[in-house]
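The values are calculated or read from the model by the stated rules, or taken from the named source; none is laboratory data. None of these values were measured; they are calculated from a predicted model. Methodologically, a virtual Cβ is constructed for each residue, glycine included, from the backbone with ideal geometry; neighbour enumeration extends over all protein chains shown. Heads up: the accessible areas ignore ligands, DNA and RNA and are worked out on the full protein's heavy atoms, side chains in. Shrake-Rupley method; radii C 1.70, N 1.55, O 1.52, S 1.80 Å.
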Amino acid sequence: MVYSQLLVKLKSRVRVRNLLARQCMAEFLAEFVLMFFTLGSIAQGVTSKGNKGDFFTMFMAGALAVVSAIYVGGNVSDALQNYTGGNLTVTGPKETASVFATYPASYLTLRGGFVDQLLGTCFLIVGALAIMDPKNKGVPPSLQPVVVGLLILTVELAVGSNCGVPLNPARDLGPRLFTYIAGWGPEVFRAGNGWWWVPVVAPMVGATLGTAVYQLLVALHHPEDPQPAHDLEFIQRKDLHLETPDPAKKLECNSDSHSPSLSHGL
């Protein structure tokens, strides 16, 4: 009892009442969870030279990180220093910049990378809209994060080898800025022929395209909801009932019209 009362008092003191502030706090924590799990799995694979992680485990961790981040509201360890000998590089056999931000494969051009990110994000948004569309097959709200995570894993396994599928400006730009400040230097923006802007711009274009595709090809063609028609029919019947005179009142009116007082008045 005392414990619950203390919790009530604590909540009344620390609870943020501004809606925007609460939303920002929740987004911050969710993004931290997402990045912690995603980057942690990549760091484990890179610093162990593949002995404790590979592409599949990184993609799986990234997908599960999204699930965790959605349900919530996603560090840099000494292993990086041990792995690199304190030399933080962006390219080469012991590079570690890719732990934090994405970089294109050697065969990938900027144009190809842009198309890769545009299409990947497009299909991600199409799938996400289908999952959350109540007029589609429908996924229970409590299971939507899990299904979205599986969707992300599918996209990663399909096109992940090209550049690591950032699919989200927040996934790439923030960690890239961190590496710039933390010791990797301006090379993080020059690598890949200036690759850094592709994971920022292409996902936004792809998200817009995916939304338009789903709306134009699916959402706008759902069967009409019959409920409004029933409501209109009910209103029409109600109006008709109000306009129809009551027989008893009509009879009373007719009898009054033949009363002596009315006859003398006329």
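Residues of region 24-65 being among the aliphatic types (A, V, I, L, M) and open to solvent by 40 Å² or more (accessible area, probe 1.4 Å), which ones?
MET25, LEU29, MET60, LEU64
Looking at region 132-149 only, could you name the residues that are under 16 Å from the mean Cα position of the chain (by Cα), open to solvent by less than 80 Å² (accessible area, probe 1.4 Å) and within 12 Å of ALA219 (Cα to Cα)?
The answer is ASP133, and nothing else.
Would you confirm, using the coordinates I've provided, whether VAL126 is more than 21 Å from PRO203 (Cα to Cα), touching a helix residue (DSSP H, G or I) at 6+ places or on another chain (Cβ under 8 Å) and open to solvent by 20 Å² or more (accessible area, probe 1.4 Å)?
Taking the combined requirement at face value, the residue does not satisfy it.
Looking at region 1-42 only, could you name the residues that are polar (S, T, N, Q) and under 30 Å from THR96 (Cα atoms)?
The answer is THR38, SER41.
Among the helices (runs of 4 or more DSSP H) confined wholly to region 85-182, which include 3 or more residues that are β-branched (Val, Ile, Thr)?
In region 85-182, 110-132, 144-163 are the helices (runs of 4 or more DSSP H) which contain 3 or more residues that are β-branched (Val, Ile, Thr).
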